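Working notes, beginning with the structure itself.
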Amino acid sequence: MQVDGRHYRTIWPTADGRAVEVIDQRRLPHAFEILRLEDLESAARAIETMVVRGAPLIGATAAYGLALAMHVDASDHGIASAYDRLFRTRPTAVNLRWALDDLRQRLLPLVPGERAAAAWRRAAEICDEDVEVCRRIGEAGLELFRKAYAEKGEKKPLRVLTHCNAGWLATVDWGTALAPIYMAHNDGMPVEVWVDETRPRNQGAALTAWELGRHGVRHRLIVDNVGGHLMQHGLVDLCIVGTDRTTARGDVCNKIGTYLKALAAKANNIPFYVALPYTTIDWSVENGADIPIEERDGREVTHIWGKDEEGVLREVQIAPDETPAANYAFDVTPAELVSALITDRGVCEASREGLEELFPERQAGVGPA
Ligand code: MRU
């Protein structure tokens with residue numbers, strides 16, 4: 001995507017092939033800063049501290065983290081300890097495990113002297129593939145958007161509600177849930193997006209609003225509790241979100257609050273779509289209740305970050321001193337509440353049958369979990 005007339009991805013290798021650079025997402029929308037990750041530890045810290053975030057980008061960064069580790073120790077033990085360090089960074093997005101498994105499986109058969117170059121090549125491929133996969137998600141979603149727009153039978157904008165940030169910042173480029181929005185906008189369809197702020201870290205307010213604004217897509221920021229009201233009053237034509245892990249039966253785990261939006265959409269007969277790359281499907285988990293849910297520092301709830309009038313980024317406290325807080329970062333939306341899954345292989349029902357029809361090679365018992 002373009003930032004000030006220059007095309008960016010969210011992660012890219014440096015010319016010398018010894019490091020990667022990423023956009024520091026903790027500073028957006030107030031500052032656009034690039035960070036250099038030179039070793040395993042800096043890649044792991046970037047994921048942990050949410051310099052980079054979003055399921056596909058977490059996977060891509062982990063792949064480069066493992067590749068960077070191979071410059072230092074390309075032994076079997078080096079692979080295992082880099083894998084463990086990266087795997088421990090964040091628990092919910094399954095793309096992390098997918099990318100680490102993919103690299104480990106390719107590197108172990110090689111002699112150590114070949115591993116760094118092979119890991120570097122594969123990490124780059126994972127990034128390129130993610131861009132293509134997200135582009136395909138965009139195309140599949142665009143068909144649904146066209147249908148919804150045609151069905152409105154009036155020349156009014158298609159009103160779409162999204163939660164968190166599932167845009168290009170969450171992937172390598174394009175995004176998942178936002179990819180069809182960008183494609184519809186590029187195609188000349190009038191689209192208006194309701195952007196949930198997405199407390200506590202405000203990925204909607206900080207990242208989705210910034211992305212959509214840069215691309216010229218009409219949008220309005222709303223607090224997280226507004227969605228139900230908008231849906232009751234006919235102000236939402238469809239909802240679309242991303243997912244950090246999708247089970248074999250189509251349950252989706254996404255940013256906390258997604259479930260409530262799906263319930264409101266069901267109650268108001270509004271389509272609730274979930275966009276995902278194949279790397280987000282966890283075929284080893286059937287029931288969404290078995291997905292590990294990240295619990296983060298309560299300080300993200302009792303405090304909030306923003307820019308003051310002098311333009312300085314500051315954190316301020318919004319709860320009484322010592323207030324205990326609970327900070328669950330994700331929730332599970334059962335398949336029954338999902339109108340359809342939008343994948344890189346097309347659109348399917350959120351069910352085992354629907355997923356297996358699109359991914360026949362992953363039918364029960366076939367292939368690694
Ligand atoms: O905690 P985050 O910012 O990593 O959470 C991101 C989300 O929940 C996204 O919606 C999800 O990763 C899907 S993005 C393609």
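Assorted remarks:
- Residue within segment 306-322 that is in a strand (DSSP E or B), in contact with a Leu (Cβ under 8 Å, 6 or more places away or on another chain) and touching a residue at least 12 places away in the same chain (Cβ under 8 Å) present: yes
- Residue in segment 347-368 that is within 24 Å of TYR149 (Cβ to Cβ) and surrounded by fewer than 19 Cβ atoms within 10 Å (Cβ to Cβ) present: yes
- Just one of the listed residues (ILE58, ILE23, ILE47) is more than 12 Å from the ligand (Cβ to nearest atom) and either modelled with pLDDT of 95 or more or assigned by TED's automatic domain parsing to the domain that holds TYR328 (or both), and it is ILE23.
- Looking only at residues in segment 156-203 that are of a type in the set (Lys, Arg) and away from the ligand (no atom under 15 Å from the Cβ), the one that is nearest to VAL226 (Cα to Cα) is ARG159.
- Those residues of segment 115-136 which are touching a strand residue (DSSP E or B) at 6+ places or on another chain (Cβ under 7 Å) and surrounded by fewer than 21 Cβ atoms within 10 Å (Cβ to Cβ), in sequence order: ALA124
One line per residue, one yes/no per condition, for (1) part of a strand (DSSP E or B); (2) surrounded by 18 or more Cβ atoms within 10 Å (Cβ to Cβ); (3) among the polar types (S, T, N, Q):
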position	(1), (2), (3)
GLY138	no, yes, no
LEU144	no, yes, no
PRO180	no, yes, no
TRP194	yes, yes, no
GLY213	no, no, no
LEU235	no, no, no
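- Index of the failed condition, LEU238 passing every other in (1) within 10 Å of the ligand (Cβ to nearest atom); (2) in contact (Cβ under 8 Å) with a residue 60 or more places away in the chain; (3) not β-branched (Val, Ile, Thr): (1)
- Residue match in segment 181-188 (condition: closer than 19 Å to PHE330 by Cβ and either among the aliphatic types (A, V, I, L, M) or touching an Asp or Glu at 6+ places or on another chain (Cβ under 8 Å) (or both)): no
- Residue within segment 292-304 that is within 16 Å of the ligand (Cβ to nearest atom) and among the hydroxyl-bearing types (Ser, Thr, Tyr) present: no
- From the options ILE304, ILE270, ILE256, residue that is modelled with pLDDT of 95 or more and in contact with a Pro (Cβ under 8 Å, 6 or more places away or on another chain): ILE304
- Test: residue in segment 181-192 that is in contact with a His (Cβ under 8 Å, 6 or more places away or on another chain) and under 30 Å from ARG314 (Cα atoms): no
- Selection count where residues are closer than 13 Å to ARG27 by Cβ and more than 15 Å from the chain's Cα centre (by Cα), scope segment 201-215: 1
- Selection count where residues are crowded, with 22+ Cβ neighbours inside 10 Å, more than 9 Å from the ligand (Cβ to nearest atom) and in a helix (DSSP H, G or I), scope segment 251-277: 3
The values are calculated or read from the model by the stated rules, or taken from the named source; none is laboratory data. Just so you know, these numbers come straight off a predicted model, no measurement behind them. All Cβ positions, even for glycine, are placed from backbone atoms using ideal geometry, and neighbour counts span all protein chains on display.
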